[in-house]
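Here the structure is laid out as structure tokens; the discussion comes afterwards.
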Amino acid sequence: MYLLRLLCLSFCLGFNPVWASEHDVAVATAHPLATQAGIEILQQGGNAFDAAVAVTAALAVVEPAGSGLGGGGFWLLHQAETNKDIMLDGREMAPGKASADMYLNKQGEFEQSRSLNGPLAAGIPGVPAGIVYLSKHYGKLPLKQSLAPAIRYALEGFAAGQHYTDMARFRLPVLKQYAASRQQFLKDGQVPSAGTIIKQPDLANTLNSIAEQGKAGFYQGEIAERLVQAVQQHGGIWTLDDLQRYEVKLRQPIKGHYQGYTITSATLPSSGGIVMVNALNQLSAFDLADTDITQKRHLVIEAMRRAYRDRSRFLGDADFVAIPDYLTSVDYGKQLSDTIDPVHATPSSDVADKAIEGEDTTHFSILDSQGNRVAATLSVNYPFGSGFVAQGTGVLLNDEMDDFSASSGAANVYGLVGNEANAIAPYKRPLSSMTPTFVENDDELLITGTPGGSRIISMVLLSVLDFVEGKTAQAIVAAPRYHHQYLPDEVQVESVGFSEQELNALKQRGHHINPLSRQYGDMHIIIQDKHNGTLSAASDPRGEGQATVTTLKK
């Protein structure tokens, strides 16, 4: 397939891939300044892990709607020297005073506004601990050096883009509610116009504290005290002990195989790798390359339906609940594929009855000249998280507590349902859909991932299928997207990219089509030809990101 991809890259009209020669580097992120920060650190002698620290911190400054020091994430790493893969779990953690019924009213009904807005919605952040661990255990440069670009952006400011203004407008009511949020992200209490310079001196001070003191610079001392004081003053339940208790966890990634490729992806508390490998195992029973587009989409939708169904039933923080080990097995995938009607849609209610036992977020991809690589997906959950900035810290808090199941069968803000496995409990980490992923065989490598809430897994799944079919980096990130998550029982399709004829063909098979009013996702990928080291990288045209391939100065 890699030969097909090279031919496509050479001859496809309208595509100008970002090329590199052997031993060059690539960085693809959701914001040009974050990409620039990663390249800057690589040029200073850092490796992919140092660059990941720089990009993570830079995105916390210039893309606050998607991630930040007050959020969490997963960094999927490949260390070339040892040929080992590992996932750093920097997912948020429920505070010690959290309880299963904390978002229910007196009638026992779920009140979602309480799990979305304000500090009660926030889990204990993992990003600061993640970047410190990444730098200390995998990087080459001092942490202070890797954080320097982000600190500079916070002090000097960055120009608000269209994405920033759109997301600020979407979350304006909650941003206006808190003084520190208004001061940091708005202008005179209103959405700033595109081009407005956003400066964040308090955030620069917090980044400096981390640069000087490491993990203690956030989770202990003055910054920690300010965080807890602000949270408690506005109805939150954090304590200093919660912050001191937080630790990054090392996880063995999920491994799977599809059409001769090895899939390496995020593991629990991310559901991404399990759900995607589950779906790929189902699809292995079918010849997708030798079928028409309607049949292919039908089969992919049915695999999504069954894989997301297992997500809702079984998955949660593996440190708290027992997860069936068969969910990613080939045999189980075959059992599920046997239930797929090749012509007609299976109602989700029937999938449940026939159970077999046994924007939001951000992503970046980095590959350095030694072969080290990072796929990282970070989040504060809803755009601008909880909307709450802790006074004197510049830290915007997440609202990841909404990713727990507040009550059995209740849907979160992205429509995902869950059960007891993902119930709220002290110090537990909520289930996530973030899916940073590597796909490779002896010929080529894909580094992929995207934001997008519940649609993350389906988007990454589609990118894997397109990569295996030989599509170019640009074609993969630009392809039209569709999604099924078991409940609601509907196929969500983007506003562009699907003809009426194509949609009617799916309707005739019994699929309920929900055309969205917009496009979604913001994918950033890198593809490497392992034979000659040639790189191509692409950033999603739906976003404002930048993919850069460059030769490092000798």
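The values are calculated or read from the model by the stated rules, or taken from the named source; none is laboratory data. Please read these numbers as outputs of a predicted model, since none were measured by experiment. When we count neighbours, we look across all protein chains shown, and the Cβ atoms used for this are built from the backbone with ideal geometry, even at glycine.
Data table
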{"read-out": "Wholly within region 153-270, helices (runs of 4 or more DSSP H) carrying at least 1 residues that are surrounded by fewer than 18 Cβ atoms within 10 Å (Cβ to Cβ), on the phi > 0 side of the Ramachandran plot and not aliphatic (A, V, I, L, M)", "value": "221-233"}
{"read-out": "Among the candidates SER265, SER337, SER271, SER284, residue that is closer than 21 Å to VAL491 by Cα, touching a strand residue (DSSP E or B) at 6+ places or on another chain (Cβ under 8 Å) and of a type in the set (S, T, N, Q)", "value": "SER271"}
{"read-out": "Single condition ARG306 does not satisfy, out of (1) touching a helix residue (DSSP H, G or I) at 6+ places or on another chain (Cβ under 6 Å); (2) closer than 23 Å to GLU92 by Cβ; (3) in a helix (DSSP H, G or I)", "value": "(2)"}
{"read-out": "Test: ASP85 is crowded, with 24+ Cβ neighbours inside 10 Å and not in a helix (DSSP H, G or I)", "value": "no"}
{"read-out": "From the options GLY96, GLY118, residue that is modelled with pLDDT of 90 or more, in contact with a His (Cβ under 7 Å, 6 or more places away or on another chain) and surrounded by fewer than 24 Cβ atoms within 10 Å (Cβ to Cβ)", "value": "GLY118"}
{"read-out": "Scan of region 50-82 for residues that are buried (at least 24 other Cβ atoms within 10 Å of the Cβ), of a type in the set (Asp, Glu) and in a loop (DSSP other than H, G, I, E, B), ordered by number", "value": "GLU63"}
{"read-out": "Members of region 495-529 that are touching a helix residue (DSSP H, G or I) at 6+ places or on another chain (Cβ under 8 Å) and closer than 25 Å to PHE364 by Cβ", "value": "TYR520, GLY521, MET523, HIS524, ILE525, ILE526, ILE527, ASP529"}
{"read-out": "Pairs, first at positive phi in region 389-411, second crowded, with 24+ Cβ neighbours inside 10 Å and modelled with pLDDT of 95 or more, C-beta under 6 Å, six or more apart", "value": "GLY394/GLN200; GLY394/LEU203; GLY394/THR206"}
{"read-out": "Restricting region 247-271 to residues that are under 22 Å from PHE404 (Cα atoms) and aliphatic (A, V, I, L, M), the residue that is nearest to the chain's Cα centre (by Cα)", "value": "ALA266"}
{"read-out": "Test set (1) closer than 30 Å to ILE131 by Cβ; (2) assigned to a helix (DSSP H, G or I) - ASN281 fails condition number", "value": "(1)"}
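Yes/no per residue for (1) surrounded by fewer than 22 Cβ atoms within 10 Å (Cβ to Cβ); (2) at pLDDT 95 or above; (3) of a type in the set (Ser, Thr, Tyr):
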site	(1), (2), (3)
TYR414	yes, no, yes
ILE447	no, yes, no
GLU469	yes, yes, no
ALA475	yes, yes, no
GLU500	yes, yes, no
ARG509	yes, yes, no
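The rows are residues; the columns are (1) part of a strand (DSSP E or B); (2) basic (Lys, Arg); (3) under 26 Å from the mean Cα position of the chain (by Cα).
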position	(1), (2), (3)
LYS507	no, yes, no
GLY510	no, no, no
ARG518	no, yes, yes
ILE525	yes, no, yes
GLN528	yes, no, yes
ALA537	yes, no, yes
ARG542	no, yes, yes
THR548	yes, no, yes
LEU552	no, no, no
